[in-house]
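Shown next, in structure tokens, is the structure this report addresses.
The values are calculated or read from the model by the stated rules, or taken from the named source; none is laboratory data. Keep in mind that what you see is a predicted model, and the values were worked out from it rather than measured. All Cβ positions, glycine included, derive from the backbone under ideal geometry; neighbour counts span all protein chains shown. Just the protein is used for accessible areas: all its heavy atoms, side chains included, with ligands, DNA and RNA removed. Shrake-Rupley method; radii C 1.70, N 1.55, O 1.52, S 1.80 Å.
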Amino acid sequence: MRIPSVHELKERLAKLLPEVPFSFFTEPARMVAQTLREKKLKEGLKTISDKELDRLLLKAFEDYHRPHLRRVINATGIIIHTNLGRAPLPSAAIIHLLDIGPHYSNLEYNLEEGKRGSRYEHVEGILRELTNAEGALVVNNNASAVLISLNTLAQGKEVIVSRGELVEIGGSFRIPEVMRWAGCILKEVGTTNKTHLHDYENAINENTALLLKVHKSNYAIVGFTKEVSTEELVALGKKRGLPVMEDLGSGCFIDFSKYGLSKEPTVQEVVKAGVDVVTFSGDKLLGGPQAGIILGKKEFIERIRKNPLNRAIRIDKFTLAMLEYILKLYRDEAIAINNIPVLEMIFSKPDDIKKKAQRLKRNINALGLPLEDLKIVQTTAKTGGGALPLLDLPSYGVALKIKDLSPQGLHERLRKANPPIIAIAEEDYLVFDARCLFDQDLNIIPEILKQICNELGFTS
Ligand SMILES: *Cc1c(COP(=O)(O)O)cnc(C)c1O
């Protein structure tokens, strides 16, 4: 077989896509020429139909030009999946971006007074309204919120932290290292499983600047344990004239225990306890965009705002627009729960998830794929994002087996599909957990399964 030249392939693409500039075809044409050469060499390809050649060309064109960052389907059952972009945002919030993005905005312009304003004002009011905090500041993410707060409150001085709270969050966020980068001296107290108030008390000296409490996020210590409560730490700070900071990690505004889920400290409770500075993420339990939120006493928030580091970690206008939108939903708890996808998924009832799984199963069944088995299974979903580490959310999924294709082999093909589907590959079955699936996903997944079976030449 003669391999067509790159120029010939480009001309074929130009006929298929007459609107597209000719230069956009170079790379896809090279990719296809390369594929054909390999197929000829390794598989002894003799001929290729025009139809198949066009299919290869169009696929190469799409692969090459589509955005690298794109939507995926999350069938893992992990709601706040850091690798999958954490919190999906409500579509209504994105519509607001259409107003801010292509136009000018009052990002740093005070419309009342007709002079320079502050970008932080857009969310300061709502944050104070929701939490009763004296002051509020938002930055790029919680890691930078912790960094700038430590640097402002305790540079060159000692910060006392319980040994049980010297956590690593993932990536490279480890409390001892953040402490070093903030220019603070870490003073560990207590033991891994037990830290008492007197451990903190005994460690205080003239060089102590701050008492820090860190939410244990993605792990829990169970059994013979003791940790000092926020209230006790605040009382100690008052007695010794030291500020107290809490890195809450997830930061949620809703008391989950009211709904029969396990207790996660709420932002309001921590502020009420009198903590001087609280930090948390925008894209974990809050369900918003990536951001770091800092709340606390006015004097400390003002000092943090003026730290030159603030400019390096500042929040951008798209994030602010999203954050303001999400925060305002929290003015009414029911509205928040029904409109913020992360909360909707956490509060989904197992029966409703089961119905979703059954719909997916029906849609798959309707396509007549060569299935060896297809069934509804009970699964265990997780909040993820370091929140509620011990909380298992009872969930349902669809488990399937395709003849002559291992779950791992199928998963690889699902990952490479468009849109990619990330599921759970078990030993015998591939499982789609239904908790994080959106309505449209219930149609897309069967379509993609069908495509995969067609490409493999499988028929039932
Ligand atoms: C997640 C987390 C962080 C980091 O927050 P990002 O928003 O990912 O930067 C810091 N501290 C704790 C306790 C966390 O759980």
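Counting only C-alpha contacts under 8 Å and six or more residues apart, can you give the relative contact order of the chain as a whole percent?
18
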Sequence-distant residues sharing a close amide H with Asn141 (under 5 Å, placed H): Gly292
Residues of the range 6-65: accessible area per residue at 1.4 Å, in Å²? 68
Taking amide hydrogens as modeled 1.01 Å from N in the peptide plane, which residues meet the under 5 Å criterion relative to Glu426, leaving out close sequence neighbours? Val431
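Using DSSP to define loop residues, name the chymotrypsin sites (Phe, Trp or Tyr not before Pro) in the range 93-137 whose beta-carbon has at most 13 other beta-carbon atoms within 10 Å.
For chymotrypsin sites (Phe, Trp or Tyr not before Pro) across the range 93-137 that sit outside H, G, I, E and B with at most 13 neighbouring Cβ atoms in 10 Å, the list reads Tyr104.
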Could you check the spin-label model distance between Lys226 and Tyr104? Points 7 Å from the Cα along Cα→Cβ, value in nm. 6.3
Taking the Cα of Arg415, stepping 7 Å toward and past its beta carbon, and measuring to each backbone N in the range 40-72: which are under 16 Å? 70, 72
Which ³J(HN,Hα) values in Hz, rounded to whole numbers, follow from the phi angles of the range 363-370 under the Karplus curve 6.51 cos²θ - 1.76 cosθ + 1.60, where θ = phi - 60° and Gly and Pro get x? 5, 5, 4, 5, 8, x, 7, x
Once the cut-off is 28 Å, how many percent of the Cα-Cα pairs in the chain end up in the long-distance tail? 61
Provide the per-residue ³J(HN,Hα) series for the range 144-156, in order, calculated from phi with Karplus coefficients 6.51, -1.76, 1.60 and θ = phi - 60°, each as a whole number of Hz, with x at glycine and proline positions. 6, 5, 5, 4, 5, 5, 4, 4, 6, 8, 8, 4, x
Would you mind telling me the share, in percent, of accessible area of the range 6-65 contributed by carbon and sulfur at probe 1.4 angstrom? 55
For the pairs Lys15/Lys46; Lys194/Lys306; Lys39/Lys375, note any where the Cα-Cα span goes beyond 28 Å. Lys194/Lys306; Lys39/Lys375
Starting from the range 182-241, pick out the chymotrypsin sites (Phe, Trp or Tyr not before Pro) whose DSSP state is loop and whose Cβ has at most 12 other Cβ atoms within 10 Å. Tyr219, Phe224
Can you give me the accessible area per residue for the range 91-339, using a 1.4 Å probe, in Å²? 46
List every residue whose amide H lies under 5 Å from the amide H of Glu158, counting only residues 5 or more places away in sequence or on a different chain, with H placed 1.01 Å from N in the peptide plane. Ile185, Thr208, Ala209
Only helices counted: for the chain, with every DSSP H run of 4 or more residues adding -39500 (n - 2.57) and the sum spread over all residues, [θ] at 222 nm is -12500 deg cm²/dmol
Of the DSSP beta bridges with both residues in the chain, give the percent that are antiparallel, rounding to the nearest 5. 60
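In the range 71-163, what GluC sites (Glu not before Pro) fall in a loop by DSSP, with at most 14 other Cβ atoms inside 10 Å?
Numbers: sites: Glu108, Glu112, Glu113, Glu121, Glu124, Glu129, Glu134, Glu158; in loops: Glu108, Glu112, Glu113, Glu134.
Here the sparse-neighbourhood loop sites are Glu108, Glu112, Glu113.
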Can you run phi through the Karplus equation (6.51, -1.76, 1.60; θ = phi - 60°) for the range 110-120 and list ³J(HN,Hα) in whole Hz, with x for Gly and Pro? 8, 5, 5, 9, x, 9, 3, x, 10, 5, 6
